[in-house]
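Novice: Just dropping this structure here.
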Amino acid sequence: MKRFGLLLIGVMLVITTNCNNQQLNNTYSSNNLSFIKNDKLHYNILLVACDTCVPIINKGYRVRVKLTDKQKSIVKKIEKEMWRHLLSDKKTDFAANLILYDIYDKDAILLFGLGNNIRDWRKNLKRDDTLFWLKKLK
């Protein structure tokens, strides 16, 4: 009987510890990604040239997001399901899209044409961009 009690206490301790660790991981993840917000992200859409090509040629428009080294490291570890969530949330959708454009060096001429208008992006490009990223991230 005494062994059963000790075993039960041990099992409860393991379960409690695992639940607490999961809560910490969830909080840590959401805090880590707090920089991915539409109203916080700083970026530029630039015309980029190949300077090693002779003659120098334009590669097209590219998004360049201003991230710290720590943020870049975090972004590289984001999994597909989290990207799906970020792209579907109205507070993070545009920012997540811009970061993906930067990571994958995707031509951003259509984004350049929209300027900084998130509403126009949602109306005209969000669906296509989201489908592209979800395919690309497989």
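The values are calculated or read from the model by the stated rules, or taken from the named source; none is laboratory data. Please read all numbers here as calculations on a predicted model, not as lab measurements. Virtual Cβ from ideal backbone geometry, glycine too; neighbours counted across all protein chains shown.
Novice: Go through the stretch 33-57 and report how many residues are in a strand (DSSP E or B) and farther than 15 Å from PHE112 by Cα.
Specialist: The number of residues fulfilling the criteria is 3.
Novice: Scan the stretch 94-138 for residues that are closer than 16 Å to ARG64 by Cβ, assigned to a helix (DSSP H, G or I) and over 14 Å from the mean Cα position of the chain (by Cα) and jot them down.
Specialist: ILE109, LEU111, PHE112
Novice: If CYS50 meets every condition in (1) out of contact with any Lys or Arg (no Cβ under 7 Å at 6 or more places or on another chain); (2) at pLDDT below 95 apart from one, which number is that one?
Specialist: Failed condition: (1).
Novice: LYS91 is checked against (1) part of a helix (DSSP H, G or I); (2) within 15 Å of the chain's Cα centre (by Cα) and fails just one. What number does that condition carry?
Specialist: The number of the failed condition is (1).
Novice: Would you check if VAL63 is at pLDDT 95 or above, of a type outside the set (D, E, K, R), closer than 28 Å to ASN32 by Cα and part of a strand (DSSP E or B)?
Specialist: Criteria met by VAL63.
Novice: Right, LYS40: within 27 Å of LYS135 (Cβ to Cβ), at pLDDT below 95 and of a type in the set (D, E, K, R) or not?
Specialist: No; evaluated as a whole, the condition is false for this residue.
Novice: If ILE78 passes every condition in (1) hydrophobic (A, V, I, L, M, F, W, C); (2) part of a helix (DSSP H, G or I); (3) at pLDDT 95 or above but one, which one does it miss?
Specialist: Condition (2) is where ILE78 drops out.
Novice: If I go through the stretch 38-85 residue by residue, how many of them are of a type in the set (D, E, K, R) and loosely packed, with under 12 Cβ neighbours inside 10 Å?
Specialist: 10
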